[in-house]
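Comments concern the structure below.
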Amino acid sequence: MQLLAMIASFVFGRLNNGGPRSGGIRETVMEMFEDIVLKGRKPVILILAGVCAVLFFCGGLFITILEGTTQYDRVGYVTLTSTLGAGIALFLVAALGFVYVFAYAWPGADRHASDRAREKVPPPHHASTLEQALTVLVLDFVKERELRRDREAHGPTPHATTGPAPTTPREHSGPIH
């Protein structure tokens with residue numbers, strides 16, 4: 001009997017709210033336990049509702065299949081009877097309940113759905129002038145490092161300068177104006 005009372009108080013919440021308690025480790029531990037029970041109640045109830053929805057879904061599907069095949073065996077066709085309709089209704093309502101529990105009512109379900117939606121459609125990114133300037137600076141630095149690495153790998157050139165080799169008009173492709 002005490003087990004039933006404990007389960008009932010877990011499912012239905014605190015029956016006696018009481019006032020603020022004073023002192024003692026035992027009272028503090030009891031308050032923490034009650035807080036844990038209150039926060040754990042929703043997921044437990046949702047899991048139980050999900051399990052019940054699965055059971056009713058299986059039962060309704062079984063009733064529908066059994067009634068449909070029995071009718072087909074007797075007369076050669078299937079008509080909508082009260083038993084067949086009840087089986088169909090049972091598994092449809094149970095399926096909707098299961099979807100509701102785990103897609104909408106579960107804690108954090110809407111947060112994950114919105115995160116997934118944000119991942120699919122990223123917001124358009126417009127680079128600011130500061131970002132563009134930093135990008136040019138970094139690319140210039142990388143290009144300079146590549147040139148320096150190439151010079152060091154090939155050894156000193158006859159006209160080694162600190163900058164790139166001067167170009168003459170003949171090195172350009174295309175007409176010169």
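For the stretch 133-162, a residue qualifies if it is polar (S, T, N, Q) and either within 30 Å of residue 42 (Cβ to Cβ) or modelled with pLDDT of 80 or more (or both), and exactly one does: 135.
The number of residues in the stretch 79-104 being surrounded by 15 or more Cβ atoms within 10 Å (Cβ to Cβ) and either part of a loop (DSSP other than H, G, I, E, B) or not polar (S, T, N, Q) (or both) comes to 12.
The values are calculated or read from the model by the stated rules, or taken from the named source; none is laboratory data. Here the structure is a predicted model, which is why all the values come from computation and not from measurement. Reconstructed Cβ throughout: ideal geometry from the backbone, glycine too, with neighbour counts over all protein chains shown.
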